[in-house]
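The values are calculated or read from the model by the stated rules, or taken from the named source; none is laboratory data. The structure presented is a predicted model; accordingly, all values stated were derived computationally and were not measured. Because the Cβ atoms are built from the backbone with ideal geometry, glycine has one as well, and the counts that use them run over all protein chains shown. Just the protein is used for accessible areas: all its heavy atoms, side chains included, with ligands, DNA and RNA removed. Shrake-Rupley method; radii C 1.70, N 1.55, O 1.52, S 1.80 Å.
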Amino acid sequence: QMQFVESGGGLVQPGGSLRVSCVASGIAFSRYGMGWYRQAPGKQRELVARISSGGSTNYADSVKGRFTISRDNAKGAVYLQMSSLEPVDTAVYYCNSWPTARENSWGQGTQVTVSA
């Protein structure tokens, strides 16, 4: 069964940077597209960045130019480098497969708080 473990969140000031990481298990990682999703308080979970099995990337308009997704197939890991962070980026960040997220495989996520 697919499992994802996210880490690296924390408190950061507006304008700061942070990198979150996700390690996957139970899947042939290199064959899957992967996505970073986030859920802010009172809002639905949304896809913010995705990377295909071949390495092509795409981003939500709200994070384009500020966030960078990458992957390391040898480690079964996917990363999200976030810069120029804004308070609206405050959310719990999750990784999951893309384009189809496995509903039974959501991890606990990692909290990112952007505040002065």
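Here are a few things to note about the model shown:
- Our summary gives the range 41-116 a relative contact order of 22 percent, counting only alpha carbon pairs under 8 angstrom and 6 or more residues apart.
- Among the trypsin sites (Lys or Arg not before Pro) found in the range 1-80, those both in a DSSP coil and sparsely packed, with 13 or fewer other Cβ atoms within 10 Å of their Cβ, are 43, 64, 75.
- Cβ-defined net charge surrounding residue 17, 13 Å radius [Lys, Arg +1; Asp, Glu -1]: 0
- Per residue, the chain exposes 52 Å² of accessible surface when a 1.4 Å probe is rolled over the protein heavy atoms with every protein chain present.
- Counting protein heavy atoms only, the range 1-68 has 45 percent of its accessible area on carbon and sulfur, 1.4 angstrom probe.
- Taking θ as phi - 60° and the Karplus parameters 6.51, -1.76 and 1.60, the scalar couplings of the range 38-46 work out to 9, 9, 8, x, x, 10, 6, 5, 9 Hz in sequence order, x denoting glycine and proline.
- For residue 69, net neighbour charge (Lys/Arg +1, Asp/Glu -1) across residues whose Cβ lies under 14 Å away: +4
- Comparing 46, 103, 86 in a Gaussian network model of the chain (Cα springs below 10 Å), the most mobile by mean-square fluctuation is 103.
- Net charge over other residues, Cβ less than 15 angstrom from the Cβ of residue 111 (K, R count +1; D, E count -1): +2
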